[in-house]
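K.L.:
After the structure tokens below, expect a handful of questions from me.
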Amino acid sequence: MAKISVLGAGSWGTALSVLLNNNGHEVRLWSRFQEEVDTLKQTRELISKLPGVHIPENIDLTADVKNCVETAEVIVLAVPSPYVRGTAELMAPYVKDEQIIVNVAKGIEEKTLMTMTDIISEEIPAAGVYVLSGPSHAEEVGRGIPTTCVISGPKRETAEYLQGIFMSPVFRVYTTPDTLGVELGGSLKNVIALAAGTADGLGYGDNTKAALITRGIAEIARLGTKMGAHMETFYGLSGMGDLIVTCASVHSRNRKAGYLMGKGYTMQQAMNEVKMVVEGVYSAKAAKSLAEKYDVEMPIIMEVNKVLFEDKSAADAVRDLMVRDKKVETPMLPW
């Protein structure tokens with residue numbers, strides 16, 4: 001049994017707390033807001049985001065970040081990506097040397113183009129920082145529906161230790177040394193999911209979605225390998241696996257936001273309607289900047305940015321993708 005503190009009482013943090021508690025660990029679940037903690041103590045349910053998922057009585061709900069960090073053997077950082085740096089700053093004074101932090105947020109910081117594990121390592125250099133990612137909607141994990149993820153970080157032994165902590169009959173975990181690839185796949189797929197949702201909102205079909213998923217992973221892999229990640233990672237759970245579920249699932253906030261934009265909503269109206277952080281919107285500008293920095297062609301990413309930030313119509317964006325110059329799908333192969 002491990003002492004685990006989960007920081008972030010949103011849908012993902014709550015679902016992982018239930019999973020880890022069911023695995024036999026001692027779990028604390030932290031929210032920055034005392035009012036939210038009081039409500040959760042009363043209802044033992046995150047009614048707005050995870051209705052029907054009971055928070056067991058032996059999960060300690062708290063707003064005391066100092067106690068959460070100082071008593072934990074493992075810290076799971078489960079706040080949305082825009083709040084990772086601020087939460088890491090809040091935690092930093094209480095983190096011990098080599099304390100294990102597992103990031104489960106997916107995103108790239110717009111101003112610095114840093115991944116989440118890089119941000120945490122910068123704010124808390126004493127910690128050992130790992131990432132858990134993959135096709136894993138909280139709504140299903142919280143209900144015990146079989147799910148598979150991947151964990152990565154600097155030390156193989158620690159990754160395998162964490163693998164054992166999270167593993168259960170309904171939650172299978174693999175390991176990989178390619179932390180950069182895991183993080184890029186997890187963050188950039190959200191931008192492609194916005195495009196897939198937009199296509200749904202426009203009334204396009206399965207052919208369109210399949211094209212966006214396939215060409216989307218090609219864009220992500222082109223950028224990732226240029227940055228030093230490994231191609232194999234993008235065809236695994238944190239790449240293609242996460243991309244498929246985020247583009248297709250009714251639980252996907254990124255797909256839903258895109259769907260609403262396809263129906264004519266503005267970006268802000270869509271985000272307001274979803275009522276949760278739409279991380280693809282935050283990652284889109286960063287993805288565009290990375291494409292420009294590394295001189296990588298990413299036409300879907302570029303069109304998503306135009307729809308989000310330049311008032312381009314979604315229908316025009318799809319048309320412009322379709323009428324681009326003729327290309328070879330596999331330029332690395334000889335005839």
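A short reminder: the numbers here are calculations on the coordinates, not readings from a lab. Everything numeric here is computed off the predicted structure, so don't read it as measured data. A quick note on method: Cβ atoms are made from the backbone with ideal geometry, for glycine too, and the neighbour counts reach across all protein chains shown.
K.L.:
Using a Cα-Cα cut-off of under 20 Å, which lysines could be cross-linked to residue 263, ignoring same-chain neighbours fewer than 8 residues away?
P.N.:
The qualifying lysines are 209, 275, 306, 312.
K.L.:
Restricting to bridges with both residues inside the chain, how much of the DSSP beta-bridge set is antiparallel, in percent to the nearest 5?
P.N.:
Here the antiparallel bridges make up roughly 20 percent for the chain.
K.L.:
Restricting things to Cα coordinates, could you compute the convex hull volume per residue of the chain in Å³?
P.N.:
Output value, Cα hull per residue: 134 Å³.
K.L.:
Hey, another quick one. Find the relative contact order for the stretch 60-113 and round it to a whole percent, using C-alpha pairs within less than 8 Å whose residues are 6+ positions apart.
P.N.:
Computed over the stretch 60-113, the figure is 45 percent.
K.L.:
State the extension gain, in nm to one decimal, for the chain segment bounded by residue 206 and residue 170, taking 0.36 nm per residue of separation less the distance between their alpha-carbons.
P.N.:
Gain on stretching residue 206 to residue 170: 10.0 nm.
K.L.:
Could you order peptides 182-189, 272-279 by the average number of other Cβ atoms within 10 Å of their residues, highest first?
P.N.:
182-189, 272-279
K.L.:
Full-extension gain between residue 324 and residue 145, please, as 0.36 nm times their residue separation minus the C-alpha to C-alpha distance.
P.N.:
60.3 nm
K.L.:
Hey, rough spin-label estimate for residue 32 and residue 113, points 7 angstrom out along Cα→Cβ, what's it come to in nanometres?
P.N.:
With each label placed 7 Å out from Cα toward Cβ, I get 2.7 nm.
K.L.:
Would you mind classifying the stretch 105-245 by shape? Square roots of the alpha carbon gyration tensor eigenvalues, ordered a ≥ b ≥ c; an a/c under 1.5 is rounded, otherwise it is prolate if a/b is larger than b/c and oblate if not.
P.N.:
oblate
K.L.:
If you wrap a convex hull around the C-alpha atoms of the stretch 62-145 and split its volume per residue, what is the figure in Å³?
P.N.:
Looking at the stretch 62-145, the number lands at 107 Å³ per residue.
K.L.:
Let me ask something else about it. Grab the DSSP H runs of the chain that are 4 residues or longer, score each as -39,500 (n - 2.57), total them, divide by all residues and round the 222 nm result to the nearest 500 deg cm²/dmol.
P.N.:
Here the helix-only value at 222 nm equals -15000 deg cm²/dmol.
K.L.:
Relative contact order, percent, of the chain when contacts are C-alpha pairs under 8 Å separated by at least 6 residues?
P.N.:
Taking the mean separation of contacting Cα pairs over the length of the chain, I get 15 percent.
K.L.:
Out of all DSSP beta bridges in the stretch 14-140, what portion is antiparallel? Express it as a percent rounded to 5.
P.N.:
Taking every DSSP beta bridge with both residues in the stretch 14-140, the antiparallel ones total about 15 percent.
K.L.:
Note down the magnitude of the dipole of the stretch 152-295 about its Cα centre, charges +1 on Lys and Arg C-beta and -1 on Asp and Glu C-beta and zero elsewhere, to the nearest 20 debye.
P.N.:
280 debye
K.L.:
Here's another thing I want to ask about it. For q = 0.19, 0.27, 0.32 Å⁻¹, what log10 I(q)/I(0) does the stretch 182-226 give under the Debye formula with an equal point scatterer on each alpha carbon and no solvent?
P.N.:
Normalising to I(0) and taking log10 leaves -0.56, -0.91, -1.11.
K.L.:
Answer rounded, prolate or oblate for the stretch 192-335, using the Cα gyration tensor with square roots of eigenvalues a ≥ b ≥ c: rounded when a/c is under 1.5, else prolate when a/b is larger than b/c, else oblate.
P.N.:
Taking the square roots of the gyration eigenvalues as a ≥ b ≥ c, the stretch 192-335 is prolate.
K.L.:
Please report the net charge: other residues with Cβ closer than 12 Å to the Cβ of residue 129, K and R +1, D and E -1.
P.N.:
Counting the neighbours of residue 129, the net charge comes to -4.
K.L.:
Here's another thing I want to ask about it. Applying 1/(1 + (r/R0)^6) with R0 = 22 Å to the Cβ-Cβ distance of residue 43 and residue 273, what FRET efficiency is obtained, to the nearest 0.05?
P.N.:
So, using R0 = 22 Å, E works out to roughly 0.35.
K.L.:
Turning to a different aspect of this structure: Given contacts defined as C-alpha pairs under 8 Å and at least six residues apart, what's the relative contact order of the stretch 173-322, whole-number percent?
P.N.:
32 percent
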